[in-house]
1. So residue 111 clears everything in (1) within 25 Å of residue 81 (Cα to Cα); (2) in contact with a helix residue (DSSP H, G or I) (Cβ under 9 Å, 6 or more places away or on another chain); (3) without any contact (Cβ under 8 Å) to a residue 40 or more places away in the chain; (4) not in a strand (DSSP E or B) except one condition, right? Which one?
2. Give me a count of the residues in region 139-171 that are touching a helix residue (DSSP H, G or I) at 6+ places or on another chain (Cβ under 7 Å) and free of Cβ contacts under 8 Å to residues at least 40 places away in the same chain.
3. Just name the residue that is nearest to residue 131 (Cα to Cα) out of those in region 1-23 that are in a loop (DSSP other than H, G, I, E, B) and in contact with a helix residue (DSSP H, G or I) (Cβ under 6 Å, 6 or more places away or on another chain).
4. Given the conditions (1) out of contact with any strand residue (DSSP E or B) (no Cβ under 6 Å at 6 or more places or on another chain); (2) modelled with pLDDT of 95 or more, report the number of the one that residue 60 does not fulfil.
5. What is the number of the single condition among (1) surrounded by 20 or more Cβ atoms within 10 Å (Cβ to Cβ); (2) part of a helix (DSSP H, G or I) that residue 117 does not meet?
6. So in region 1-14, with the set limited to residues that are free of Cβ contacts under 8 Å to residues at least 24 places away in the same chain and in contact with a strand residue (DSSP E or B) (Cβ under 7 Å, 6 or more places away or on another chain), which one is nearest to residue 36 (Cα to Cα)?
7. Return the total of residues in region 20-36 being touching a strand residue (DSSP E or B) at 6+ places or on another chain (Cβ under 6 Å) and at pLDDT 95 or above.
8. On the given criteria, is residue 44 touching a residue at least 12 places away in the same chain (Cβ under 8 Å), more than 21 Å from residue 112 (Cα to Cα), part of a helix (DSSP H, G or I) and in contact with a strand residue (DSSP E or B) (Cβ under 7 Å, 6 or more places away or on another chain)?
């Protein structure tokens, strides 16, 4: 997992002072580190009875679609409000300074589905928890969530585990 962590670039004071931004674009351009991300994730979830992979916009689309392909499962996008062309369900969530909304197609999942939610990073858990609610609104079950990066000080992973959902993270960074 050091190969993964070492492939992630840290940019100080972005987007605002005091934030250490974890840039996964350098990971995506490192084929050996990405192979490890995909292998570790697929090995971890392969026997969990999953029927769909849901990726959170935008970086969750990259890893999520590769995982879906490797596991021969459909990929479901969870997008920012107004980006999906068909009927949608919405879920609002809190940001540090305001609110945001994500959406999923209303016919993307059903009550038989067992879903893995994928994103690049878990911080406060707001987007992930909203994604879990969207999947549940469609009657599907969230079997777990997977993230490349955990920022443990912000306790997002803990919030998801507290509601009984299994979480996989591949590396962690201290600080915001």
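1. Only one criterion in (1) within 25 Å of residue 81 (Cα to Cα); (2) in contact with a helix residue (DSSP H, G or I) (Cβ under 9 Å, 6 or more places away or on another chain); (3) without any contact (Cβ under 8 Å) to a residue 40 or more places away in the chain; (4) not in a strand (DSSP E or B) is unmet by residue 111, namely (2).
2. 7
3. Filtering region 1-23 for residues in a loop (DSSP other than H, G, I, E, B) gives 1, 7-8, 13-19.
Right, trim to in contact with a helix residue (DSSP H, G or I) (Cβ under 6 Å, 6 or more places away or on another chain) and you get 7-8.
Values: 7: 27, 8: 25 Å.
Out of the qualifying residues, it is 8.
4. The failed condition is (1).
5. Only one criterion is unmet by residue 117, namely (2).
6. Per the criteria, the residue is 9.
7. Of the residues in region 20-36, the ones touching a strand residue (DSSP E or B) at 6+ places or on another chain (Cβ under 6 Å) are 20-24, 26.
Now drop any that are not at pLDDT 95 or above, which leaves 22-24, 26.
Residues flagged as touching a strand residue (DSSP E or B) at 6+ places or on another chain (Cβ under 6 Å) and at pLDDT 95 or above within region 20-36 amount to 4.
8. On the way: touching a residue at least 12 places away in the same chain (Cβ under 8 Å): yes; more than 21 Å from residue 112 (Cα to Cα): yes; part of a helix (DSSP H, G or I): yes; in contact with a strand residue (DSSP E or B) (Cβ under 7 Å, 6 or more places away or on another chain): yes.
Here the answer is yes, as residue 44 does meet what is asked.
The values are calculated or read from the model by the stated rules, or taken from the named source; none is laboratory data. What you are looking at is a predicted structure, and each value in this text was computed from that prediction instead of being measured. Positions of Cβ are generated from backbone atoms using ideal geometry, with glycine treated the same way; all protein chains shown enter the neighbour counts.
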